[in-house]
Amino acid sequence: GFLWSRSGQDYPTVFVGKIVTFVGVPFLVFSTLAMADISSQHLEAMLLASVLLHVGGGIIGAIIFWSLNMPIRTYLCPFVIGNGGNLGLSVCLFAYGGEGLAYGISFFVVQSMMFFTIGNAIYTGQNSLRSVVSLPLPYAGVAGITVVLLGIELPQAIANSVSLAGSFVIPMMLMTLGVSLARMRPSDIMPALGFAILRLVVFLTLAHLICDFLEIDGVMRGVLLLQASMPVAVFNFVFATTYNSSPERVAGIVFVSSVMMILGLPLMVAYVGV
């Protein structure tokens with residue numbers, strides 16, 4: 001995606017973003033959860049772990065930025081919301097296959113709902129549920145989780161259809177991530193690097209503590225650690241630009257953290273024991 005953009009080829013980011021958000025991701029979320037071979041107990045543990053990680057990270061981030069007199073409106077969401085979609089789901093699928101993708105999606109559903117509710121309120125200063133209610137992802141997540149909890153087995157025709165409809169998402173997410181990075185004009189590289197390293201240390205430490213507290217191990221532990229190490233989500237730059245919240249600084253954070261994590265992914269995958 002990065003090379004495609006740098007070569008001058010056209011990439012319809014807005015169209016791809018809409019088709020992924022409103023069609024691909026909901027089908028991917030539902031199909032992966034509904035057909036995953038995971039127990040309801042494990043699914044509940046992963047959802048709880050995701051909530052604890054984001055809430056804990058948010059509290060720590062707010063304390064850090066308040067003590068350093070840094071604007072929370074600018075820095076808190078980039079600190080808390082990682083790229084659990086574009087990059088996180090891809091890495092979970094690569095590292096652990098279908099089971100890892102199911103856990104990764106459970107993490108991502110919580111992350112997305114928090115970003116489009118609490119995150120949106122932080123950026124805009126307004127607490128509105130309209131942004132998340134209008135998206136199909138929460139409904140797909142609830143439907144998939146319900147299938148798991150009730151032990152419903154989908155008819156093969158439906159299973160094949162929803163799986164096929166969501167199969168294009170991960171390649172397009174990776175392409176879009178590369179294109180987005182190529183189009184950014186980051187600034188303040190060194191402060192952004194410090195931000196990215198601090199965020200990585202805080203979230204990996206929290207993930208380890210949560211795994212020990214909830215007695216999470218195996219594939220689920222690996223997925224939580226991988227998702228906790230993901231770089232800052234590109235959507236933060238979109239929101240920062242839309243609401244004029246220091247977009248050039250957020251661009252630097254997104255760019256540096258993404259490049260740092262992409263280069264370090266082999267080490268991270270090795271670290272979780274794949």
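Taking the condition touching a residue at least 12 places away in the same chain (Cβ under 8 Å), closer than 30 Å to residue 248 by Cβ and surrounded by 13 or more Cβ atoms within 10 Å (Cβ to Cβ), does residue 200 pass?
So residue 200 passes the test.
Across region 3-41, the qualifying residues are those that are of a type in the set (S, T, N, Q) and assigned to a loop (DSSP other than H, G, I, E, B), and the one among them that is least open to solvent (accessible area, probe 1.4 Å) is 39. Checked against (1) of a type in the set (Val, Ile, Thr); (2) surrounded by 18 or more Cβ atoms within 10 Å (Cβ to Cβ); (3) modelled with pLDDT under 90, residue 105 passes all but a single condition, namely (3).
Filtering 23, 14 for residues that are on the phi < 0 side of the Ramachandran plot, without any contact (Cβ under 8 Å) to a residue 60 or more places away in the chain and of a type outside the set (Gly, Ala, Ser) leaves a single hit, 14.
For residue 151, are the conditions met, namely being open to solvent by less than 20 Å² (accessible area, probe 1.4 Å), out of contact with any Asp or Glu (no Cβ under 8 Å at 6 or more places or on another chain) and closer than 21 Å to residue 102 by Cα? Walk me through it before giving the result.
On the way: open to solvent by less than 20 Å² (accessible area, probe 1.4 Å): no; out of contact with any Asp or Glu (no Cβ under 8 Å at 6 or more places or on another chain): yes; closer than 21 Å to residue 102 by Cα: yes.
It is false that residue 151 is open to solvent by less than 20 Å² (accessible area, probe 1.4 Å), out of contact with any Asp or Glu (no Cβ under 8 Å at 6 or more places or on another chain) and closer than 21 Å to residue 102 by Cα.
Quick grid of which residues meet (1) buried (at least 20 other Cβ atoms within 10 Å of the Cβ); (2) at pLDDT 95 or above; (3) under 16 Å from the mean Cα position of the chain (by Cα):
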| residue | (1), (2), (3) |
| --- | --- |
| 191 | no, no, no |
| 205 | no, yes, no |
| 208 | no, yes, no |
| 222 | yes, yes, yes |
| 231 | yes, no, yes |
| 252 | yes, no, no |
| 257 | yes, no, yes |
| 261 | yes, no, yes |
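The values are calculated or read from the model by the stated rules, or taken from the named source; none is laboratory data. Remember, it's a predicted structure, so these values are computed and weren't measured experimentally. As a convention, Cβ positions derive from the backbone with ideal geometry for all residues, glycine included, and neighbour counts pool all protein chains shown. Heads up: the accessible areas ignore ligands, DNA and RNA and are worked out on the full protein's heavy atoms, side chains in. Shrake-Rupley method; radii C 1.70, N 1.55, O 1.52, S 1.80 Å.
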